[in-house]
Amino acid sequence: MKLIKNIQIYAPKNLGVKDVLISDSKIEKIEDHIEYPYPIETIDGIDCVLTPGLIDRHVHITGGGGEAGFVSRARPIDVQEILDAGITTVIGLLGTDGYTRSTKELFAKAKELTQKGVHTYILTGSYAYPSNTLTSSMEDDIVFIDSILGVKLALSDHRSSHVTEEELTRLASRIRTASLIAGKQANLTIHMGDEKQALELVFNILEKADIPISLFQPTHCTRNPHLFEQAIQFTEMGGTIDITCDGNGKTLNYIRQIKNTEKVTISSDAQGSWSTYNEDGSVKEIGITPISNLKNEFIYLKNELGYENALPFFTKNVANVLGFQHTGQVKEGYDCDLVIWKEDQIQKVIVKKAHQII
């Protein structure tokens, strides 16, 4: 049990200065003043801010890369890197390399991170179609594996399988049915590349088939101006887009162009590779993205927009689109996934590790 005293809370909404009682991994009480009758660990929150833990929905937890040969494979992420960035929930996925990386490896890494205190979920699939799976089928992955939230696929990218409209429609329909059976908000997370067709295939399907737009969730949506124009249109149709951050505040310009910001999430693409190419298609430059980008992006947006306006892109919005019921907010009955800040520095991350609140 823990008691946090006299701390400014952004839930993301400004709740003012309150006391917070944590018990059995849950937020038990949020009140102006809480006195507990027995000695428990007490944290002095004066001059500090309490927020929900950040949620990063796009992390290559087993390592990405590999596009410049085996030497360019990124290492798996460490739990301390995640917590140091104020992140308490991650969604792991595969990238370009669905050949030497497997869904089994992804699932095992997710279990490790969860046991160490970070809520970890995964997506089945990779860039390629048909999808890589943990069980015998993508549907079984979604229906029977609680931690699997959907499927990853690449579109409009030279490294993708260049699926047809018919194949993509069928895949989306299968995800839809499996999600209903599992009682999940399973989604198709779409890695968007630079090719000219951008989101056209998705728009065609939405026009012809009765598949909810919420099922399609494109990421890397600011990769080029044409794609971003289509991404804005997608949000105006009721869809959610994900923006990859660099940790330098560039997302702010894109956010200001979107009317319904509740339909925007921000992620890091951590441990994934970024690359540029020569005219002959060979790799010109390659690097690995750090998960600290998410924390740095949040701090930049917070300083520009304030806590209330910046936090949802990293917490509440993500929880809503992924169907998380008890995280993403500082609220009684919610998980104790919390971050204590002093100015722009993280003072403490509170999560549940095994059977102990840390």
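When Gln347, Gln329 are checked against the criterion of being in contact (Cβ under 8 Å) with a residue 24 or more places away in the chain and assigned to a loop (DSSP other than H, G, I, E, B), Gln329 stands alone in meeting it. Ile142 passes all but one of (1) crowded, with 18+ Cβ neighbours inside 10 Å; (2) touching a residue at least 60 places away in the same chain (Cβ under 8 Å); (3) not aromatic (Phe, Trp, Tyr); which number fails? Of everything listed in (1) crowded, with 18+ Cβ neighbours inside 10 Å; (2) touching a residue at least 60 places away in the same chain (Cβ under 8 Å); (3) not aromatic (Phe, Trp, Tyr), Ile142 misses just condition (2).
Candidates Asn204, Asn187: the one that is on the phi < 0 side of the Ramachandran plot, open to solvent by 20 Å² or more (accessible area, probe 1.4 Å) and touching a residue at least 24 places away in the same chain (Cβ under 8 Å) is Asn204. Residue-level check: of (1) touching a strand residue (DSSP E or B) at 6+ places or on another chain (Cβ under 6 Å); (2) closer than 19 Å to Leu322 by Cβ; (3) buried (at least 21 other Cβ atoms within 10 Å of the Cβ), Ala154 misses just (2).
Residues in the range 4-20 that are closer than 18 Å to Asp335 by Cβ and buried (at least 20 other Cβ atoms within 10 Å of the Cβ): Ile4, Ile7, Ile9, Tyr10, Ala11, Pro12, Lys18, Val20. Residues in the range 25-56 that are among the acidic types (Asp, Glu) and either touching a residue at least 12 places away in the same chain (Cβ under 8 Å) or touching a Cys at 6+ places or on another chain (Cβ under 7 Å) (or both): Glu28, Glu31, Asp32, Glu41, Asp44, Asp47, Asp56. Going by the structure shown, is Ile9 in a strand (DSSP E or B) and either closer than 28 Å to Phe313 by Cβ or not basic (Lys, Arg) (or both)? Yes; evaluated as a whole, the condition is true for this residue.
Mind listing just one residue for me: the one in the range 252-298 that is among the acidic types (Asp, Glu), under 21 Å from the mean Cα position of the chain (by Cα) and open to solvent by 10 Å² or more (accessible area, probe 1.4 Å) and, of those, farthest from His191 (Cα to Cα)? In this case the residue turns out to be Glu262. The conditions of being among the charged types (D, E, K, R), closer than 23 Å to Thr96 by Cα and surrounded by fewer than 18 Cβ atoms within 10 Å (Cβ to Cβ) are met by Glu167. Among the residues of the range 171-205, the ones that are of a type outside the set (Lys, Arg), within 20 Å of Asp157 (Cβ to Cβ) and either assigned to a helix (DSSP H, G or I) or in contact with a Ser or Thr (Cβ under 8 Å, 6 or more places away or on another chain) (or both) come to 20 in all. Of all residues in the range 21-39 being more than 24 Å from Val118 (Cα to Cα) and not in a strand (DSSP E or B), which is least open to solvent (accessible area, probe 1.4 Å)? So, considering only residues that are more than 24 Å from Val118 (Cα to Cα) and not in a strand (DSSP E or B), the one least open to solvent (accessible area, probe 1.4 Å) is Ile34. If I filter the range 105-116 for residues that are surrounded by 18 or more Cβ atoms within 10 Å (Cβ to Cβ) and over 15 Å from Gly92 (Cβ atoms), do I get at least one hit? No - not one qualifying residue is present in the range 105-116.
Within the range 241-251, the only residue that satisfies the criterion of being of a type in the set (Ser, Thr, Tyr) and either open to solvent by 10 Å² or more (accessible area, probe 1.4 Å) or part of a strand (DSSP E or B) (or both) is Thr244. I'd like to check something: does the range 58-71 contain any residue that is hydrophobic (A, V, I, L, M, F, W, C) and either farther than 30 Å from Val283 by Cβ or assigned to a strand (DSSP E or B) (or both)? Checked the range 58-71: at least one residue is hydrophobic (A, V, I, L, M, F, W, C) and either farther than 30 Å from Val283 by Cβ or assigned to a strand (DSSP E or B) (or both). Select from the range 320-334 the residues that are crowded, with 23+ Cβ neighbours inside 10 Å and closer than 19 Å to Ile122 by Cβ and write down the one among them that is nearest to the chain's Cα centre (by Cα). Per the stated criteria, the residue is Leu322. Assessment of the range 105-127 against the conditions (part of a loop (DSSP other than H, G, I, E, B) and without any contact (Cβ under 8 Å) to a residue 40 or more places away in the chain) yields at least one matching residue.
The values are calculated or read from the model by the stated rules, or taken from the named source; none is laboratory data. Quantities reported herein were computed from a predicted structural model and do not represent experimental measurements. Quick reminder, even Gly has a Cβ in these numbers, built from the backbone with ideal geometry, and neighbours come from all protein chains shown. Keep in mind that these areas ignore ligands, DNA and RNA; they rest on the heavy atoms of the full protein, side chains included. Shrake-Rupley method; radii C 1.70, N 1.55, O 1.52, S 1.80 Å.
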